[in-house]
1. Between beta-carbons, use under 14 Å as the cut-off and find the net charge around ASP72, counting Lys and Arg +1, Asp and Glu -1.
2. About its Cα centre, how strong a charge dipole does the range 1-109 have in debye, to the nearest 20, once Lys and Arg get +1 and Asp and Glu get -1 at the Cβ?
3. Rounded to whole Å and ordered largest first, report the semi-axes of the equivalent ellipsoid of the range 121-174 derived from its Cα gyration tensor (root of 5λ).
4. Need one number: nm distance between label points at LEU247 and ALA158, each 7 Å from Cα along Cα→Cβ, rounded to one decimal.
5. Within the set LYS184/LYS226; LYS226/LYS254; LYS84/LYS118, which residue pairs have Cα atoms separated by over 20 Å?
6. Could you work out Rg/(2.2 N^0.38 Å) for the range 23-172, with Rg from alpha carbons only?
7. Just to verify a number: what accessible area does SER157 come out at with the full protein assembly present, 1.4 Å probe, Å² rounded to tens?
8. Report the rotationally averaged projected area of the range 146-230 based on its alpha-carbon convex hull, in square nanometres.
Amino acid sequence: MLIDSHCHLLDARLNAEEEIARMKEDGLLAVVENGFDLDSSRRASELAQRHEGVYCAVGCHPEEAGGYKAEDEEEYLALCALPKTVAVGEIGLDYCYEIAPREVQRKVFIAQLIWAHKAKRPVNLHIRDAYGDAYAILKEHRELLTDGFLLHCYGGSAEMAERFAEMGAYFAFGGVITFKNAKKEDVLKSVPKDRLLFETDCPYMTPEPFRGRVNRPAYVKYVAKKAAEILGMSEDEAGRLSVENTLRYYRIAK
């Protein structure tokens, strides 16, 4: 059994109810649905409350930072107080398309770190083309990270991974590691094994051999298989390790 530590089942390209109904058949112990704004966070919470094995994270994605309002904090905190909200996310910085200005992203990122700390929840970070700035913000606000943080779909260097690891970071890897030219071996090997998670980020980032199709939680097994190959482990060993790490990070009792 595996855990998909980061997914978007409520995306229109997926049928959330069908995917959840197939979890046992697909070899999944649990999935974690991530919000990207207040409305999607509400819906993620509602989905998690209705289904066994489904958990959620709530927060405002950096691309949505322009729509973030300070008064949203109260509702985000209320969502965090619900038992199946296991993290704040996905939040962070994304400088790839700069849909929201960088300064706005940084301001919203810090604001969410503050209320995540109030809620005593770990934070799931979306960082793209902004690892230097993200590291600087996390280092400056290290006192807000007492409940842990995870670099979702980690795409930085091995050297940067070591710097984040010194701060206690967890790391999640998805379908990218299965791509032929991904060159993620050194990065994956640089991550502490007790802080390694697997994810799909479905419906995005579909792993081989299904690249080009809509991603599904079931495909996390292909991520685990590739990671096991890179790390010189058996698939069972890599799977068990990732499940233990995921349950610990999210504080899920199983």
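The values are calculated or read from the model by the stated rules, or taken from the named source; none is laboratory data. Not measured: the values here are computed from a predicted model. Backbone-built Cβ (ideal geometry, glycine too); neighbour counts: all protein chains shown. Ligands, DNA and RNA are stripped out before the accessible areas are found, and what is left, the full protein with its side chains, is counted by its heavy atoms. Shrake-Rupley method; radii C 1.70, N 1.55, O 1.52, S 1.80 Å.
1. On the way: positive: ARG42, LYS69, LYS107, LYS118; negative: ASP37, ASP39, GLU64, GLU71, GLU73, GLU74, GLU75.
The answer is -3.
2. Working: 11 positive and 23 negative charges, 40 e Å.
That gives the range 1-109 a dipole magnitude of about 200 debye.
3. Values: eigenvalues 50, 32, 21 Å².
For the range 121-174, the semi-axes come out at 16, 13, 10 Å.
4. About 3.2 nm, to one decimal.
5. Details: LYS184/LYS226 11 Å; LYS226/LYS254 26 Å; LYS84/LYS118 17 Å.
Listed pairs above 20 Å: LYS226/LYS254.
6. Values: Rg = 14.8 Å, N = 150, 2.2 N^0.38 = 14.8 Å.
With N residues counted in the range 23-172, Rg over 2.2 N^0.38 Å equals 1.01.
7. For SER157, the solvent-accessible surface is approximately 50 Å².
8. Details: hull surface 21.8 nm².
That works out to 5.5 nm², a quarter of the Cα hull's surface.
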